[in-house]
Structures are given as structure tokens and as C-alpha cells.
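Novice: This is the structure, below, for whatever I ask next.
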Amino acid sequence: MAITKTVSLPDEYRALSMEEKINRIKAAKAFFGERLFIPGHHYQREDVIQFADFTGDSLQLAKKCGESNAEFIVFCGVHFMAETADILTNSTQRVLLPDLAAGCSMADMATLSQTKRAWNTLTDMYGDSIVPLTYVNSTAEIKAFCGENEGACLTSSNAKEMVQWALTKKQRILFLPDQHLGRNTAYDLGIPLSEMAVWCPIKNELEFTDEANRENVQVILWKGHCSVHEKFTVNHIQELRNKDPQINIIVHPECSHEVVQAADEAGSTHHIIQIIEKAESGSKWAVGTEMNLVNRLAMKHTDKTIKSLNPYMCPCLTMNRIDIEHLCWSLDSLKNGTYQFQISVPPDISKYAMIALDRMLISVK
Ligand code: 13P
Ligand code: SF4
């Protein structure tokens, strides 16, 4: 879903002191009470996450929004997460995103027209043998495409279960839009790289590995990636291990296959948090994921050494667009009865996207 409108932050909000912004947000929360729910993704900034009523990974946030009865959901995360919340809530609830320009570069790597074009070519090639699966980091239109074509959504927490589910339905998967999560998940399930091919939406063609041939392909990976997680490399891992053989490396599965293979652990943001929480006092960790989460973990677990796997840190610029000023502005606007930050998925798209999300939520409890 294209981001339709961006309005720049009024100067008034830049001029406010931190105390004034905090007080305004607290006042808005008190004013709305139970009518307002603020979910926050783990990658959100510290000054924003302090106001979240619930924090979680994509799956936890989607489930929580689906269960919420709040009239207003002010989503501190990115566009596809707010769209998912809108799809999973009823028509009387409003979902708002404090900065409408907070998109996700990976989600933008698969458009509906590219996907339809790929589907036509691939179904000509392989017949009715493909299930489309989309990572939730995709637009509502891509989710709807999957729902309409017997496919489903998945997140980094349930990717394995959903790939297994899809392979009970048909012989092959088209995995959108993150080639790395797709490759890492399929490989973990024992599918060799030679049985995976990459769909290039720019060249509109299937790229095979050397050994692969057309017939034995089980997983077709969309050539998309996360521009944050691609910045972690095997060299970073080697350098850190050379300096300190005791260091543990944990990464998000949006990192490349080589990085995930070289790391000690990989998993969703929730998984990363859990592993570090349970780790022994005194243990050392290099984390390959967005820097707000890495910094938060380091601040929280002062008995452990925690740093970013990439020495230059890796911010997700779009997640960071949601700052305290935008949160304050969106809540003030809401109090004034204007819904300029609303994310609203059209009903014809929402209907099929819901099917794809439901297949995920029902298949994996
Ligand atoms: P999680 O579902 O693991 O929180 O990941 C979301 C995301 O966008 C990672 O880049
Ligand atoms: Fe998208 Fe990557 Fe940011 Fe996650 S970290 S929201 S995948 S750009």
C-alpha cells in the first residue's frame, strides 16, 4: 500500500521542551484511558517506547492488536505493522501511525504488479504447484494476493511452521519479499540451497544456483532484503571472534545466509531478547539487529557485555521516524478529533489480507 500523505511536523513541536512533550503525551493517555492502546515494536526509540502499553515482535504486536478493544490504536512501528493492525481490528476501531512516512524498505521491494507478473510466469512454468507466502513485512496488497491464492503470512517467529504448513499444501513456495528469511528458514528445515531459486522482479526471471535445475526447485525466493540487516557481515563476526573467542554472536534471520550460518544463534527480536535475558551474568554478546534494541539490551543487562555486531551500529531510519514529537503531535490531533494519521486498508484488500493473516494465526498458535 503506497504511503499517501506526509505532512511535516509543525514547528511548535520542535520548540517544546522534553518535559512539555512528556506531559502532553501523559495527559492524552489519561484523557483517553482504555479507549487508547499504544503498541510499540522493539526497534522503537527510547523516548517513544516509554509510552507503549505493550512491546513486542511483529507476531506479538499483531496478536495483541487483534485482541484489543481500544477505539484508537496509535502504532509505534512501521507502516506494514499499522496496516496489519487495521486489518485485524474491526471497522469501528481506528489505527494511527504517528509518521505516515515510516515505511519499510523491504516491504517496498515487492509491488502488486511485480508479484502478479512473477506469478503468471511461475505458474506457466510450474503449473498449480506453488503456495505464495509473504513475510508480514509486506504491503496489505501483497498479503491480499497471498490470501486470494491459497497462501498465508508469516513472521520471523513462525516462519518454520508456516513453510512446513505450505509444503503440506503444494510442492513449492514463492517466498515474498525477504530472500534471506526465506533461505535461512528453508535451509533450517533441511531444504538444500540447490533446491532454491531466486526470483528477480527487476529482470522478471528466475535465477538458479549452479546445481539447481528447474524441476527440483522447492523454494522460490523473492529478491528482496532488509537494508539494515544486510549491513552485518561474516567479516564482522570473524573480527570480533579474533579479538575475543568468548563472544557470542546472535543475529536476526533477515541477515544473509552466510551471517546466520556463522552466528551462534538467530531468531526474531523476541527470541534475541529472551536469549540475552537468560544468558549467564558476565557473558558477552554481539547482536546483529537494529541499534535501538541493541542499546536497550545493553542498558538493561549491565552485568553482561552487549554491543552491535556492526561497529557503526545499524539504525532503521523508518522505525526512527517515530519520535516523541510525532507521537505528541498525533495524540494532540486525536484529542482534537482529527484522524490525519489514520491507516485504513480498503475493504476489498483487507478481506483477502485477513485470510492470509488468519491462516498464519490459526496454523501457528
Ligand atoms: P520481528 O518480527 O523479529 O520483531 O522483526 C521485525 C522486523 O522488521 C525486523 O527487521
Ligand atoms: Fe523494514 Fe528492515 Fe526496518 Fe525491519 S529493520 S522495518 S525489515 S527496513
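The values are calculated or read from the model by the stated rules, or taken from the named source; none is laboratory data. Computed from a predicted structure; not experimentally measured. With ideal geometry, Cβ positions are generated from the backbone for all residues, glycine too; neighbour counts draw on all protein chains shown. Calculation scope for accessible area: heavy atoms of the full protein, side chains included, ligands and nucleic acids excluded. Shrake-Rupley method; radii C 1.70, N 1.55, O 1.52, S 1.80 Å.
Novice: Once the piece of chain linking residue 363 and residue 216 is laid out straight, how much longer is it, given 0.36 nm per residue of separation minus the C-alpha distance between them?
Specialist: Taking residue 363 through residue 216 to full extension adds about 50.3 nm, to one decimal.
Novice: Ok, one more. Under 17 Å Cα-Cα from residue 307, which lysines qualify once same-chain neighbours fewer than 8 residues away are excluded?
Specialist: The qualifying lysines are 231, 243, 278, 284.
Novice: Next question, about the same structure. What FRET efficiency would be calculated for the residue pair residue 168, residue 121, taking the C-beta separation as r and a Förster radius of 30 Å, to the nearest 0.05?
Specialist: 0.75
Novice: How far is it, in nm, from the label point at residue 50 to the one at residue 14 when both lie 7 Å from their Cα along the line to the Cβ?
Specialist: Here the answer is 2.2 nm between the modelled labels.
Novice: A further question follows. Working from the pairwise distances between different alpha carbons, so that the mean of 1/r is found and then inverted, what is the stretch 238-365's Kirkwood radius in Å?
Specialist: 17.7
Novice: Same structure again: Can you give me the C-alpha center-to-center distance between the stretch 1-72 and the stretch 265-287, rounded to a whole angstrom?
Specialist: Centre-to-centre (Cα) distance: 27 Å.
Novice: Stretched out fully, how many nm does the piece from residue 30 to residue 261 gain, at 0.36 nm a residue minus the Cα gap?
Specialist: 78.4 nm
Novice: May I pose another question? Express in nm, to one decimal, how much length is gained between residue 189 and residue 204 on full extension, taking 0.36 nm for each residue of separation and deducting their alpha carbon distance.
Specialist: 2.6 nm
Novice: Can you quote the Å³ per residue value for the convex hull of the Cα atoms in the stretch 129-246, rounded to an integer?
Specialist: Considering the Cα atoms of the stretch 129-246, their hull volume per residue is 137 Å³.
Novice: How big is the dipole moment of the chain about its Cα centre under a simple scheme where the beta carbon of each Lys and Arg is +1, that of each Asp and Glu is -1, and everything else is neutral? Debye, nearest 20, please.
Specialist: Dipole magnitude for the chain comes out near 400 debye.
Novice: Accessible area per residue for the chain in Å², computed with a 1.4 Å probe and the full protein assembly in place, what is it?
Specialist: 42
Novice: Along the Cα→Cβ direction, 7 angstrom out, place labels at residue 351 and residue 312. What is the inter-label distance in nm?
Specialist: 4.8
Novice: Okay, moving on. Nearest 500 deg cm²/dmol is fine: what mean residue ellipticity at 222 nm does the chain get from its DSSP H runs of n ≥ 4 alone, each adding -39,500 (n - 2.57), divided by its residue count?
Specialist: Roughly -12500 deg cm²/dmol at 222 nm, from the helical runs in the chain.
Novice: In whole angstrom, how far apart do the alpha carbon centroids of the stretch 289-365 and the stretch 234-249 sit?
Specialist: 30
Novice: Turning to a different aspect of this structure: In debye, nearest 20, what is the charge dipole magnitude of the stretch 103-235 about its Cα centre with +1 on Lys and Arg Cβ and -1 on Asp and Glu Cβ, if you could check?
Specialist: Taking the Cα centre of the stretch 103-235 as origin, the dipole is about 180 debye.
Novice: How would you order 27-35, 97-105, 172-180 from highest to lowest mean count of nearby Cβ atoms within 10 Å?
Specialist: Descending packing order for the listed peptides: 172-180, 97-105, 27-35.
Novice: Let me ask another. If I compute solvent accessible area with a 1.4 Å probe over the protein chains, what percent of it on the stretch 210-342 is carbon and sulfur?
Specialist: Accessible surface attributable to carbon and sulfur in the stretch 210-342 totals 48 percent.
Novice: Also, I was wondering about something else. If packing is taken as the average count of other Cβ atoms within 10 Å, what order do 118-128, 8-18 fall into, highest mean first?
Specialist: The densest-packed peptide leads the list: 118-128, 8-18.
Novice: List nothing, just return the count: lysine pairs in the stretch 102-209, 8 or more apart or interchain, with Cα separation under 24 Å.
Specialist: Step by step, the pairs that qualify in the stretch 102-209 add up to 10.
Novice: At a 1.4 Å probe radius, carbon and sulfur cover how many percent of the accessible area of the stretch 1-144?
Specialist: 48
Novice: Suppose we keep just the alpha-carbon trace of the chain; what are its Rg and Dmax in angstrom?
Specialist: 20.8, 63
Novice: 7 Å from Cα along Cα→Cβ at both residue 129 and residue 340: what's the point-to-point distance in nm?
Specialist: The answer from the label model is 5.4 nm.
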